[in-house]
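In what follows, a structure is listed as structure tokens, so that the remarks can point back to it.
The values are calculated or read from the model by the stated rules, or taken from the named source; none is laboratory data. These numbers were taken from a predicted model, which means no experiment stands behind them. Protein only, heavy atoms only, side chains kept; ligands, DNA and RNA dropped before computing areas. Shrake-Rupley method; radii C 1.70, N 1.55, O 1.52, S 1.80 Å.
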Amino acid sequence: MGFEEISHTADWSIRVWAQDLPSLFAESARAMNALAGTVTGQGPRLQRTFKSEGSDVESLLVAFLSELVYYQEQENLAFDTFEIQLSNQQISVNMEGAQITSIDKAIKAVTYHNLKVEETARGVEVVIVFDV
């Protein structure tokens with residue numbers, strides 16, 4: 001698994017890869033946190049659950065990452081541990097994280113710009129563009 005930042009004119013863009021879809025979703029979340037410079041505190045660990053439906057895997061990815069952006073903005077929480085189940089155009093996530101102590105630059109939105117999850121030699125890969 002891994003990720004790398006990709007040069008983009010006005011927004012932020014990352015390429016993420018992993019061996020399977022649940023791992024790709026988790027690594028995408030970690031990449032988003034790293035890109036924003038999110039730092040969490042050493043306080044109590046908090047758990048949340050997220051469930052959604054979508055027409056395709058890209059829609060599920062955007063819904064999942066958008067939920068994480070919501071938690072960052074509204075509850076000052078960031079998550080780094082994920083148990084993800086994907087099936088029949090549905091996602092179910094149990095996640096664990098902590099309060100944010102600092103963030104370098106907030107992500108406003110996860111976009112669909114050129115978003116396509118593809119099978120590659122590394123497993124699965126996606127390029128995600130964030131509005132900042």
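Here are a few things to note about the model shown:
- q = 0.09, 0.11, 0.18 Å⁻¹, the chain: log10 I(q)/I(0) [Debye, one scatterer per Cα]: -0.23, -0.35, -0.97
- The distance linking the range 105-122 with the range 1-70 is 9 Å (Cα centroid to Cα centroid, whole angstrom).
- Portion, in percent, of the accessible area of the range 1-99 that falls on carbon or sulfur, probe 1.4 Å: 43 percent
- Calculated mean residue ellipticity at 222 nm for the chain: -7500 deg cm²/dmol, from DSSP H runs with n ≥ 4 weighted as -39500 (n - 2.57), summed, divided by the residue count and rounded to 500.
- Taking N as its residue count, the alpha carbon Rg of the range 78-130 over 2.2 N^0.38 Å: 1.44
- Contact order for the chain, expressed relative to its length and based on alpha carbon pairs under 8 Å spaced 6+ residues apart, stands at 32 percent.
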